[in-house]
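Report on the structure given below.
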Amino acid sequence: MRSKLVLSAVALLLIASARPAAADPIGVPGGPACENDTCQGSIYWLEYDPTPLGSDADSTQYEIVLRIDTTAYTGGGSNIDDVAFKVSPNLDGVALLDAPGGAGDWSAMLGGINASGCDANASNGFGCTTSNDDSNATLPFAGIYEWRFVADVPTGTLLTDPFAASIKARYVDGDGEKIGALVSEPITLQVIPEPGTALLLLLGLAGISRVGTARS
């Protein structure tokens, strides 16, 4: 019985390790660096679901997730009011699924970010969203803010090479004016970790725990 439990635990752990690992963020001390030195103490992830939401003759729709952990933010702002991502040299369209305070409090558009906010430049490959409510994405905040997009990507152009994708974010003061550096960093677009991975690991550890109990 003990040997079966050990084998079961090992098998579960092996299955879990074969699945996509959690994405490596930028801005973590000792981890991938913020190449342009604009992270301001925050940590950033950019992920996508490799299973398309849809497709047509020329493009594929992917869920894109941008996360920002502001726990160690050092820039002195009171809000994040604009974020943007680039996962393709060209983007055909962008929509927002969810955001701090709800998707209805934000407006999505093609384009990146300049000092004034989303720049509505449809030719630079970025998708952007701007807040319509300054009570959302407030700082300081000991946690992770998340924006979920649908990106309409020309088929075959997804930027999945290391540090081929990009993110931008604008921190603002109480008057809505940019404060500190405009975040503009290369980042690696990675697969959203499967929810089942953590469960498999827990089950495997539980199996090992039962073996230890049987021995005592």
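In table form, for the structure just shown:
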read-out	value
VAL191 paired with GLU35, simple spin-label distance in nm, labels 7 Å along Cα-to-beta-carbon	2.4 nm
Span per principal axis, largest first, for the Cα atoms of segment 54-172 (Å)	44, 30, 24
Sequence-distant residues sharing a close amide H with ALA122 (under 5 Å, placed H)	none
Computed FRET value (nearest 0.05) for THR160 with ALA120, which takes r as the C-beta separation and R₀ as 30 Å	0.70
Other-chain or far-sequence residues with amide H under 5 Å of ASP98's (modelled H)	ARG148
Fully extended contour minus Cα-Cα distance, from THR74 to ASP98, at 0.36 nm per residue	6.1 nm
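Rule-based calculations on the coordinates, nothing more; no lab input. Remember, predicted model here, so these are calculated numbers, not experimental data. Neighbour counts run over all protein chains shown; Cβ positions are idealised from the backbone, glycine included.
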